[in-house]
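Chemist: What follows is a single structure, and I will ask about it in a moment.
The values are calculated or read from the model by the stated rules, or taken from the named source; none is laboratory data. Computed from a predicted model, the values in this text were never measured in an experiment. As a convention, Cβ positions derive from the backbone with ideal geometry for all residues, glycine included, and neighbour counts pool all protein chains shown. Please note that ligands, DNA and RNA were not included when accessible areas were found on the heavy atoms of the full protein model with its side chains. Shrake-Rupley method; radii C 1.70, N 1.55, O 1.52, S 1.80 Å.
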Amino acid sequence: MKRALITGITGQDGPYLAKLLLSKGYKVFGTYRRVSTPNFWRLQHLGILNKITLIPADLSDTSSLLEAVTISDPHEIYNLAAQSFVGNSFDFPLLTTEVDASGTTRFLEIIRHYNKNIKFYQASTSELYGANVVSIQDENTQMFPNSPYAAAKLHSYHMVRIYRKSYGLFACNGILFNHESPLRGMEFVTRKITNSVAKIKLGMQKELRLGNLDAKRDWGFAPEYVNAMWLMMQQKIPDDFVIATGETHSVREFVEAAFSAAGLDWKRYVITDQKLKRPLDVHQLCGDNAKAQKVLGWKPSVTFNELVKIMVEEDLRRWQMYKDGKIVPWDAPNYPHEMDMISRNVVRDAQKENSVRKKSRLKRLLNRF
Ligand code: NAP
Ligand code: GDD
């Protein structure tokens with residue numbers, strides 16, 4: 001029986017991948033972080049919580065990773081764990097580097113010393129292209145990261161390539177473009193939108209505040225993307241692949257489609273808030289999946305409008321059940337709505353106050369002389 005170790009089992013992709021591997025007869029081990037409130041709702045939602053062996057581990061702690069590898073003794077490692085929120089990486093650049101860059105090298109070193117036959121999948125990202133303005137990106141497009149997150153992931157991307165070439169490891173980068181689902185975290189724009197649309201429709205929320213509506217992304221459906229991860233690991237030769245739909249849409253288009261899926265006019269509810277804009281954003285992403293189609297035989301089938309509809313309908317269903325007093329495993333009821341604004345606003349306000357204070361102190365000092 002094949003054994004797989006998935007890091008980041010509590011995130012969006014981990015449970016979908018685990019479900020896929022279980023269906024293929026794998027024994028699945030998943031790493032989770034010790035947090036004060038357990039967040040296994042996605043595994044519960046897919047009905048697989050008790051089918052996975054859970055191991056506590058943190059990407060910033062080498063001993064815990066070593067333990068996870070020795071306990072699971074895997075044939076395949078899927079490294080999905082990350083500080084994955086781009087906006088947050090501007091507030092926590094060092095933590096992001098520690099986890100998203102050094103965490104990968106920790107694994108590569110463990111594999112090199114423990115068992116060079118373990119195959120390694122690295123969750124690379126379309127964010128690597130960042131400031132590159134080409135209209136469609138493939139495996140040969142130059143990478144210009146535009147955030148601490150992307151810079152850390154670029155480090156990992158190269159380490160995977162370097163370990164593959166230097167030590168002959170089976171290590172590959174899945175350069176995945178944005179992929180979404182009803183299991184998407186609430187801090188990401190798609191789920192923030194669909195959750196708000198559902199609440200507005202049911203009279204539980206009045207408005208939706210968003211940042212950059214002009215940003216364009218290539219959005220696909222997550223369960224299809226985890227299949228591409230598995231396919232990469234079944235190849236004879238390890239390689240890097242772009243996984244994308246080849247279509248790009250703006251945040252504004254996503255908003256419009258989501259409100260319209262609930263029979264609402266978005267212009268009545270959406271407010272643009274400058275504070276939600278990033279210090280530096282990625283303007284446009286659109287992936288060329290030709291190599292994945294040719295070598296892996298992978299092709300997406302869920303369209304943009306279908307994806308939006310799946311997410312809106314699921315959030316509507318959950319909030320309706322909540323209103324009806326039914327309890328379902330789910331993140332939204334405990335999520336402070338303007339969560340993504342909190343840290344940066346507080347920081348910015350404090351910085352403003354600080355600079356006012358500094359100026360008046362300077363004035364007082366000048367007056368003395
Ligand atoms: P996600 O929902 O944010 O899940 C991230 C996972 O990493 C969670 O299980 C989280 O645990 C865990 N984690 C965070 N910090 C950790 C640490 N220090 N040590 C161990 N685990 C840690 O992300 P996702 O959407 O599933 O994406 C999976 C991977 O693909 C990520 O690496 C992401 O950067 C990358 N990626 C995602 C997309 C996308 O569109 N979804 C596209 C390209 C690449 P907690 O639950 O405890 O927070
Ligand atoms: N999160 C968020 N919240 N984003 C907003 C908002 C808002 O209120 N308003 C506008 N946006 C814009 C962001 O500025 C960005 O341009 C775009 O919506 C998408 O943001 P996210 O959904 O946070 O995703 P991302 O593209 O930055 O990152 C995701 O995809 C990457 C792959 O390209 C994450 O999953 C990354 O982990 C992943 O690597």
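Chemist: What are the residues in segment 122-149 that are within 14 Å of ligand 1 (Cβ to nearest atom) and among the acidic types (D, E), if any?
Modeler: Scanning segment 122-149 gives a single hit, E127.
Chemist: I've got another one for you. For segment 259-280, does any single residue satisfy the condition of being touching a residue at least 60 places away in the same chain (Cβ under 8 Å) and on the phi > 0 side of the Ramachandran plot?
Modeler: yes
Chemist: Here's a follow-up. Can you confirm whether segment 115-123 contains a residue that is buried (at least 22 other Cβ atoms within 10 Å of the Cβ) and assigned to a helix (DSSP H, G or I)?
Modeler: Checked against the condition, which is being buried (at least 22 other Cβ atoms within 10 Å of the Cβ) and assigned to a helix (DSSP H, G or I), segment 115-123 yields no hits at all.
Chemist: State whether the residues of segment 125-134 include one that is among the small types (G, A, S), more than 16 Å from ligand 2 (Cβ to nearest atom), over 23 Å from A228 (Cβ atoms) and open to solvent by 10 Å² or more (accessible area, probe 1.4 Å).
Modeler: So far as segment 125-134 goes, no, none of its residues is among the small types (G, A, S), more than 16 Å from ligand 2 (Cβ to nearest atom), over 23 Å from A228 (Cβ atoms) and open to solvent by 10 Å² or more (accessible area, probe 1.4 Å).
Chemist: If you don't mind, another one. For G325, all conditions in the list (1) in contact with a helix residue (DSSP H, G or I) (Cβ under 8 Å, 6 or more places away or on another chain); (2) part of a loop (DSSP other than H, G, I, E, B); (3) surrounded by fewer than 18 Cβ atoms within 10 Å (Cβ to Cβ) hold save one; what is the number of the exception?
Modeler: (1)
Chemist: Need the failing condition index for L213 against (1) surrounded by fewer than 19 Cβ atoms within 10 Å (Cβ to Cβ); (2) of a type in the set (A, V, I, L, M, F, W, C); (3) more than 8 Å from ligand 2 (Cβ to nearest atom), just the number.
Modeler: The single condition L213 does not satisfy is (3).
Chemist: Across segment 31-51, which residue is most open to solvent (accessible area, probe 1.4 Å) among those that are away from ligand 2 (no atom under 16 Å from the Cβ) and of a type in the set (D, E, K, R)?
Modeler: R34
Chemist: Name the single residue, out of those in segment 135-149 being surrounded by 20 or more Cβ atoms within 10 Å (Cβ to Cβ) and either in contact (Cβ under 8 Å) with a residue 24 or more places away in the chain or part of a helix (DSSP H, G or I) (or both), that is nearest to the chain's Cα centre (by Cα).
Modeler: In this case the residue turns out to be Y149.
Chemist: Sticking with this one: Give N132, N178, N195 a once-over and let me know the one that is farther than 24 Å from A290 by Cα and either among the hydroxyl-bearing types (S, T, Y) or touching a residue at least 12 places away in the same chain (Cβ under 8 Å) (or both).
Modeler: N195
Chemist: Report the residue count in segment 1-30 for those that are over 13 Å from L183 (Cα atoms), open to solvent by 10 Å² or more (accessible area, probe 1.4 Å) and of a type outside the set (A, V, I, L, M).
Modeler: Residues in segment 1-30 being over 13 Å from L183 (Cα atoms), open to solvent by 10 Å² or more (accessible area, probe 1.4 Å) and of a type outside the set (A, V, I, L, M): 10 in total.
Chemist: Counting only residues that are of a type in the set (A, V, I, L, M) and farther than 28 Å from L20 by Cα, which one in segment 242-257 is surrounded by the most Cβ atoms within 10 Å (Cβ to Cβ)?
Modeler: V255
Chemist: Only one of these conditions is not met by V282: (1) closer than 22 Å to F85 by Cα; (2) in a loop (DSSP other than H, G, I, E, B); (3) open to solvent by 30 Å² or more (accessible area, probe 1.4 Å). Which number is it?
Modeler: With (1) closer than 22 Å to F85 by Cα; (2) in a loop (DSSP other than H, G, I, E, B); (3) open to solvent by 30 Å² or more (accessible area, probe 1.4 Å) applied to V282, the lone miss is (3).
Chemist: Name the residue that is nearest to ligand 2 (Cβ to nearest atom), counting only residues in segment 83-94 that are surrounded by fewer than 23 Cβ atoms within 10 Å (Cβ to Cβ) and part of a loop (DSSP other than H, G, I, E, B).
Modeler: Ranking the candidates gives F85 first.
Chemist: Oh, and also: Tell me which of these L54 doesn't satisfy, since it passes every other one: (1) closer than 17 Å to S124 by Cα; (2) more than 7 Å from ligand 1 (Cβ to nearest atom); (3) surrounded by fewer than 23 Cβ atoms within 10 Å (Cβ to Cβ).
Modeler: So L54 meets the others, but not (1).
Chemist: Moving to a separate point now. Given the condition crowded, with 18+ Cβ neighbours inside 10 Å and within 12 Å of ligand 2 (Cβ to nearest atom), answer yes or no: does some residue in segment 228-241 qualify?
Modeler: Taking every residue of segment 228-241 in turn, none turns out to be crowded, with 18+ Cβ neighbours inside 10 Å and within 12 Å of ligand 2 (Cβ to nearest atom).
Chemist: Within segment 150-178, track down each residue that is within 14 Å of ligand 1 (Cβ to nearest atom) and either open to solvent by less than 20 Å² (accessible area, probe 1.4 Å) or assigned to a loop (DSSP other than H, G, I, E, B) (or both).
Modeler: Matches in segment 150-178: A150, A152, K153, S156, V160, C172, N173, G174, I175, L176, F177, N178.
Chemist: Name the residues in segment 36-63 that are assigned to a helix (DSSP H, G or I), in contact (Cβ under 8 Å) with a residue 12 or more places away in the chain and under 17 Å from T10 (Cα atoms), would you?
Modeler: If the condition is that a residue be assigned to a helix (DSSP H, G or I), in contact (Cβ under 8 Å) with a residue 12 or more places away in the chain and under 17 Å from T10 (Cα atoms), then W41, R42, L43, Q44, H45, K51 are the ones that fit.
Chemist: Moving on to the next point. Among (1) over 20 Å from T245 (Cα atoms); (2) more than 14 Å from ligand 1 (Cβ to nearest atom); (3) not hydrophobic (A, V, I, L, M, F, W, C), which single condition is E187 missing?
Modeler: Of everything listed in (1) over 20 Å from T245 (Cα atoms); (2) more than 14 Å from ligand 1 (Cβ to nearest atom); (3) not hydrophobic (A, V, I, L, M, F, W, C), E187 misses just condition (2).
Chemist: Scan segment 246-266 residue by residue and report those that are under 26 Å from the mean Cα position of the chain (by Cα) and in a loop (DSSP other than H, G, I, E, B).
Modeler: G246, E247, T248, A262
Chemist: While we're looking at this one, here's another question. Give the residues of segment 186-215 that are in a strand (DSSP E or B) and out of contact with any Leu (no Cβ under 7 Å at 6 or more places or on another chain), sorted by residue number.
Modeler: L208
Chemist: Related question: Condition first: more than 16 Å from ligand 2 (Cβ to nearest atom) and hydroxyl-bearing (S, T, Y). Now tell me which residues in segment 156-195 satisfy that.
Modeler: Result: Y163, S166, Y167.
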